[in-house]
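Notes follow the structure.
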Amino acid sequence: MTTTPLIESVWVFHRTGQRCPGRRIGEVVAYDAQLLPEYHVAGRPTIDRSFLLLDQGIQLTRPVVFEGPVEGWWYIDLVEVELTEAGLVVHDLYVDFLVPPGADRYHVLDFDELADALHQGQITAAQCATVLSRTQRFIDRHLRANEEGSVDPPHQFPPASIAVLESLPCFFEHNHQGPTCSQGQGHDLTTSSQVLRDASLDDNSSESNSAGELYLMQATRLVVPPSGTRA
């Protein structure tokens, strides 16, 4: 007999000031955030969905403004999630992944930012070690190819644990004037121009791609900065 999972309503605080509606099943959270007007692309959704794997310190997103060579790609952040009375606060831990559909390869981004944070005293050596360990665990658990040897749990990307939350309708209240969600597509403002270079986008992009490039180039981290260094 299949047991229906208990779905809990939660709130997640977004760097844009939004208090984003979400749902939680065990150690997995999904939440919806509206794109700022300057990141809108004509004919594409204006709401994205992100997934938090609380027990792994991972956030998965699939930006709706990713077009052309990066259409459907996932952006993954290593994060620390703070539970407060008002909701969940996501703190970025610098290292990110860019993963295409099928996960046949991946890019690891922003090790330089991790190094800078350590050098500038924004994180401790112990915190840096934690980030590096999480990076390796994520690769081993979700991105390791079969020919690289068996892993436990076995290779799977995207994680099966997000499937139920991915299938749910938009978490914002529906009305005829309201925004439209993009099911199964998450959103993350954590990125850099390196994403564009890795995907081989060039200066001849269309107007829609230019909007996506603006989103990528100008966006900052999905994070409400904690006071002092992260614990």
(request) State the extension gain, in nm to one decimal, for the chain segment bounded by Ala145 and Gln18, taking 0.36 nm per residue of separation less the distance between their alpha-carbons. (result) 41.9 nm
(request) Can you put Asp55, Asp77, Asp116 in order of Cβ neighbours within 10 angstrom, beginning with the fewest? (result) Asp55, Asp116, Asp77
(message) Apply the Karplus curve 6.51 cos²θ - 1.76 cosθ + 1.60, θ = phi - 60°, to the phi angles in region 77-86 and return the couplings in whole Hz, x for Gly and Pro.
(response) 10, 7, 9, 10, 10, 9, 8, 10, 5, 8
(message) Can you list residues from other chains, or at least 5 along the same chain, whose modelled amide H is less than 5 Å from the amide H of Val81?
(response) His91
(message) Could you tell me which residue out of Ile47, Thr61, Gly26 lies farthest along the dipole of region 25-70 toward its positive end? Charges go on the beta carbon: Lys and Arg +1, Asp and Glu -1, centred on the Cα centre.
(response) Ile47
(message) To the nearest 20 Debye, how big is the dipole of region 55-168 about its Cα centre, given +1 on the beta carbon of each Lys and Arg and -1 on that of each Asp and Glu?
(response) 260 debye
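None of the figures in this text is laboratory data; all of them are computed from the coordinates on show. This one's a predicted model, so the numbers in the text were calculated from it and none came from an experiment. Every residue, glycine as well, gets a Cβ built from its backbone with ideal geometry; the counts of neighbours run over all protein chains shown.
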